[in-house]
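Colleague: Quick one: this structure, given as structure tokens, is what I'll be asking you about.
The values are calculated or read from the model by the stated rules, or taken from the named source; none is laboratory data. Everything quoted here is computed from the prediction, not taken from an experiment. Every residue, glycine as well, gets a Cβ built from its backbone with ideal geometry; the counts of neighbours run over all protein chains shown. Ligands, DNA and RNA are stripped out before the accessible areas are found, and what is left, the full protein with its side chains, is counted by its heavy atoms. Shrake-Rupley method; radii C 1.70, N 1.55, O 1.52, S 1.80 Å.
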Amino acid sequence: MRICPECGTNNSDDARFCEHCGRKLDTDDDMMQEKNQDGELTETIRIVRETDGEATREFQTGADREVKWEEQTGQRGKSASQGSVRLSLVQIIAIGEAVCLAVVIVAFFVIGFTKYNPRTVAEKYFSSYASRDWAAVYDLLEFPEDSAMQEEQFADMMDRTQTSDITNYTVKAVDGEDSDIARNFDVEYSVPGEGASELRLTVVRQSSKALFLFDVWKISAAGMITDGYSVVVPSGAEAAVDGVELNDKYKVEDSSEGTDMYQISVFNGVHSIEVAVPWCELYEGEFDTSADSSATVTELTLSETGAKALQAKMEDALERFYTSAAAGEDYSEVSDLFAESAAPEYKSVYDDLKESLASESGDYYTMNQITFDNFRCDFNVEAGLITGEMDCGYTMDYTYKYSGFGSSGSQSKTSEGSAYMRASFAYDGTTYRIQKVSMPTVWWY
């Protein structure tokens with residue numbers, strides 16, 4: 001088989017001219033030369049026959065530059081410039097990689113716009129809600145910045161709320177209510193034994209971007225959260241809602257004595273609360289935001305250790321108040337018994353007692369010493385204050401001066417009696433101090 005170097009047509013072995021274009025066919029390894037109009041040699045073509053049915057044409061120019069290509073035979077009627085050119089392996093790989101990259105880019109954007117679409121977020125949210133996947137629900141919700149709700153506590157709260165079983169649902173976009181920052185969807189769902197219900201979901205665009213390209217959308221928690229819910233506990237208490245500590249970030253001004261107030265943002269539902277007050281038993285309870293406008297925990301149980309410590313404070317306050325007054329000491333010696341806000345109020349009480357116990361010439365009775373004993377105390381915790389009532393006995397040693405009927409002198413005498421004291425305590429961050437007190441009056445004559 002002989003191949004025409006002009007058009008590439010396959011000819012029989014004995015053909016002298018091309019059956020298609022008529023060009024003269026040379027024998028194997030013959031040289032064909034082409035000249036320009038000036039008779040100069042411009043190109044030499046060598047035809048080399050191969051056994052696999054392909055031919056290689058070699059072009060040599062005057063600069064001895066060699067260009068080679070392979071041409072597939074059997075394509076009758078086509079010139080060499082029109083024949084199919086075989087690509088190299090590197091070129092094929094490059095083209096394949098370019099195609100794969102284009103497919104990956106298109107798929108990336110299709111999947112991205114689908115995943116971060118507002119409708120997809122709404123459907124995923126309610127699907128997770130219906131299946132009680134609280135971790136997924138939590139991730140899809142838009143919370144206020146100061147929300148005290150964390151994922152673990154949110155899941156516990158949702159489990160306690162005991163939401164009804166949802167059997168089927170449909171999510172529909174609300175026509176005519178779209179905006180650049182929000183989309184509304186209505187969810188129709190059914191609960192066994194309760195019939196069909198409807199829920200409105202608002203999906204809000206966030207300021208952040210996913211993968212630096214796609215808008216992030218989350219479900220608005222408006223209507224699901226109580227913002228600024230008040231929690232009132234005794235002053236100095238450590239409180240936690242759903243395991244989240246109520247620290248100074250949530251604390252607000254409280255005009256009531258003996259209590260601290262916190263305001264938090266929490267989901268509507270049932271929440272756990274723990275309150276730890278010094279010298280009291282740990283309080284553990286629950287509150288329901290849908291039933292109560294605030295949660296107040298002020299009635300606690302004093303621990304046995306706390307009761308003993310407070311009784312010691314009442315005993316110390318009674319004895320120091322009397323002995324310091326009898327010794328004529330300044331009020332500053334006993335002012336530390338009282339809370340800072342209450343201290344000025346009891347200065348006049350102390351000064352009056354000090355004056356009544358002072359010894360002056362002409363006095364008939366002079367107190368020498370007083371001791372208290374047989375203490376019996378009861379305590380109650382109410383409205384953030386610990387109130388104690390104490391009964392006790394006392395012994396008074398005093399001197400009686402007498403004169404008249406031609407005789408005068410003095411006698412040492414002892415008087416015994418009982419006293420009653422009532423005091424309320426407030427925690428000042430370090431210890432309990434007296435907020436209010438009624439000091440007993442002791443008589444020795």
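Colleague: Could you list, in sequence order, the residues of region 302-342 that are within 13 Å of G388 (Cβ to Cβ) and loosely packed, with under 15 Cβ neighbours inside 10 Å?
Modeller: Passing the criteria: K308, A312, D316.
Colleague: Which ones in region 352-362 are surrounded by 13 or more Cβ atoms within 10 Å (Cβ to Cβ) and either part of a helix (DSSP H, G or I) or within 45 Å of the chain's Cα centre (by Cα) (or both)?
Modeller: Of everything in region 352-362, those that are surrounded by 13 or more Cβ atoms within 10 Å (Cβ to Cβ) and either part of a helix (DSSP H, G or I) or within 45 Å of the chain's Cα centre (by Cα) (or both) turn out to be L353, K354, L357.
Colleague: Could you please give the count of residues in region 385-419 that are of a type in the set (D, E) and either exposed (fewer than 14 other Cβ atoms within 10 Å of the Cβ) or at pLDDT below 85 (or both)?
Modeller: Summing the residues that are of a type in the set (D, E) and either exposed (fewer than 14 other Cβ atoms within 10 Å of the Cβ) or at pLDDT below 85 (or both) in region 385-419 gives 1.
Colleague: Looking at the structure I just gave you, is E284 in a strand (DSSP E or B) and of a type outside the set (A, V, I, L, M)?
Modeller: yes
Colleague: For P192, indicate whether it is under 23 Å from T301 (Cα atoms) and more than 21 Å from the chain's Cα centre (by Cα).
Modeller: The answer is no for P192.
Colleague: Taking E238 as meeting all but one of (1) under 30 Å from Y262 (Cα atoms); (2) open to solvent by 70 Å² or more (accessible area, probe 1.4 Å); (3) at pLDDT below 85, write down the number of the exception.
Modeller: Of the numbered conditions (1) under 30 Å from Y262 (Cα atoms); (2) open to solvent by 70 Å² or more (accessible area, probe 1.4 Å); (3) at pLDDT below 85, the odd one out for E238 is (3).
Colleague: OK, next. Residue check, D165 against (1) at pLDDT 90 or above; (2) under 18 Å from K124 (Cα atoms); (3) among the acidic types (D, E), all met but one. Which one?
Modeller: Against the list (1) at pLDDT 90 or above; (2) under 18 Å from K124 (Cα atoms); (3) among the acidic types (D, E), D165 comes up short only on (1).
Colleague: Could I ask something else about it? Out of the residues in region 241-255 that are in contact with a strand residue (DSSP E or B) (Cβ under 8 Å, 6 or more places away or on another chain), farther than 18 Å from V270 by Cβ and open to solvent by 30 Å² or more (accessible area, probe 1.4 Å), state the one that is modelled with the lowest pLDDT.
Modeller: Looking at residues that are in contact with a strand residue (DSSP E or B) (Cβ under 8 Å, 6 or more places away or on another chain), farther than 18 Å from V270 by Cβ and open to solvent by 30 Å² or more (accessible area, probe 1.4 Å), I get D254.
Colleague: Right, here's the next one. Going by what's in this entry, would E299 be described as over 26 Å from D254 (Cα atoms), open to solvent by 50 Å² or more (accessible area, probe 1.4 Å) and not basic (K, R)?
Modeller: No: the conditions fail for E299.
Colleague: Just to confirm my filter: which strands (runs of 3 or more DSSP E) fall fully inside region 170-279 and include at least 3 residues that are within 26 Å of A291 (Cβ to Cβ) and aliphatic (A, V, I, L, M)?
Modeller: Those strands (runs of 3 or more DSSP E) span 225-234, 238-241, 259-267, 270-276.
Residues checked against (1) under 30 Å from G243 (Cβ atoms); (2) modelled with pLDDT of 85 or more; (3) open to solvent by 90 Å² or more (accessible area, probe 1.4 Å):
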| position | (1), (2), (3) |
| --- | --- |
| R65 | no, no, yes |
| E70 | no, no, no |
| A80 | no, no, no |
| R86 | no, no, yes |
| V90 | no, no, yes |
| F108 | no, no, no |
| T114 | no, no, no |
| F126 | yes, yes, no |
